[in-house]
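Since every read-out is calculated from the coordinates, none of them should be taken as a lab result. Being a predicted model, the structure only gives us computed values, none of them experimental. As a convention, Cβ positions derive from the backbone with ideal geometry for all residues, glycine included, and neighbour counts pool all protein chains shown.
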Amino acid sequence: MFQKILSLYKNAYGGLPRSSWLLATIMLINRSGSMVIPFIGVYLTQKLKFSLSEAGSIITVFGTGSVIGAYFGGWLSDKIGNYKVQFWSLVVGGAGFFVLMLMQSFWQIACCIFFLSIITESLRPANTASVADYSTPENLTRSYALNRLATNLGYAIGPTLGGLLAVYDFRYLFLADGVTCISAGLLFSYWFKPSRKKHKKQEILQESTQAKSPYKDYVFLSAVLLTTICVITFFQLFTVIPLYFKQVCLYSEQKIGILLALNGLIVALFEMLTVYIIGERIPQLRMITFGVMMMILAFILIIISKNLFIIVLAIAFFTFGEIFILPYMNVFTINRSTTSTRGKFVGMYASIFSISWVVAPSLGTNIAEQYNFHTLWYTMIALNIIVFIGFKILEQQVKVNKKVA
């Protein structure tokens, strides 16, 4: 039995091109240095003595810059290529953290963090497009799952190390973030060389049958809108649900930390395996609807009980919802694009996360504060039901379009 499970994991991770592993390594190094942003609120209020409203405004500025950076990085990737965008985003972004460390006033920090967020967030669409460039169609979903695994693992490492460094001096966070960004950029330059691949015949054929711009692809725009709504509800797990655990469930900070860590643990253990087992047998939009169903069930579980076992089960449903939605939405995005428009498509897809990080905390906390937590959970369920219906309609529309084509 153990040998079969081991063999299954080996097969899930095997067969991926070397470039997919290298791109994932770049993301792991880069995200492992993600220390400044998780602690920016603490740094501003404790070290620089900013008010809570001033710190909140700067975090909003960062989110706004991230949205612009996602679009800009995708557009620029189509213009000058993924290689240049990734390299300069990592190197210039790393240097930007050194500059941010020197800023003291509100406006200095606001301006610096705005441009820094544009530069650093432009990495995401360029890296996403590169995964598609270096992967084969049959390995594309697994390549994205591997990239997500590296990103999630990096996000787990970064704040943990950041918390340790912050005890000594907040400046170490800026130095570590900058060094890891620049190191990732130099490694990327060493491992990858800029190249302009010629369009394949199949891609040229796609060019004539698909919309050349994401802004004219109404199926894709609808999918992005629906995914944004769903991700906003999912991000309640990291923003408002911890408050619910503390205030209503009366869990300790340690217990809350362990519960949230389950999300990353489940992703690490099961995402690649799940994607490998399912493969391409189930259409992407149908997999996404399964994921939305998981989100609905997760919120229902939180409503019906504060029992620890039920809460753990709810987090498992949240996480498998994430596993079913995000890798397959990634592939759906790539399949809707062409070689010449891939950057714009993935830039729009990447903006989902930036928008969600801006909207989710304020939406969740306002509903919970003005009404109560249960009203928030019912609202999230209602939104996900709308998303579920929307994706079912899109699935049928895609089927009709394929028959017509």
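Using a 10 Å cut-off on Cβ atoms, rank the peptides 57-70, 342-355 from the highest mean neighbour count down. Could you put the intermediate results ahead of the total?
Details: 57-70: 20.3, 342-355: 24.7.
Taking the mean over residues of other Cβ atoms within 10 Å, the ranking is 342-355, 57-70.
Hydrodynamic radius of the range 17-191 by the Kirkwood approach over all distinct alpha-carbon pairs: 16.4 Å.
Charges were assigned to the Cβ only: +1 to each Lys and Arg, -1 to each Asp and Glu. The resulting dipole of the range 208-405 about its Cα centre is roughly 640 debye.
Give me the Kirkwood hydrodynamic radius of the range 208-405, using the inverse of the mean 1/r over all pairs of distinct Cα atoms, in Å to one decimal. Could the numbers behind the result be given before it?
Details: mean 1/r = 0.0566 Å⁻¹.
Computed over Cα pairs of the range 208-405, the Kirkwood hydrodynamic radius comes out at 17.7 Å.
Legend: distances between Cα atoms for 84/216; 193/344; 193/392; pairs beyond 30 Å are 193/392.
Helix-only mean residue ellipticity at 222 nm, the chain, DSSP H runs n ≥ 4 weighted -39,500 (n - 2.57), per residue, nearest 500. What is it?
Working: 17 runs with 327 residues, N = 405.
-27500 deg cm²/dmol, from helical runs alone.
Assuming a ≥ b ≥ c are the square roots of the Cα gyration tensor eigenvalues, decide whether the range 216-321 counts as rounded (a/c under 1.5), prolate (otherwise, with a/b larger than b/c) or oblate. Each step should come with its number before you reach the end.
Values: a/c = 2.39, a/b = 1.64, b/c = 1.45.
It comes out prolate by the Cα gyration axes.
Derived from the Cα gyration tensor, the three semi-axes of the equivalent ellipsoid of the chain are 31, 28, 21 Å, largest first.
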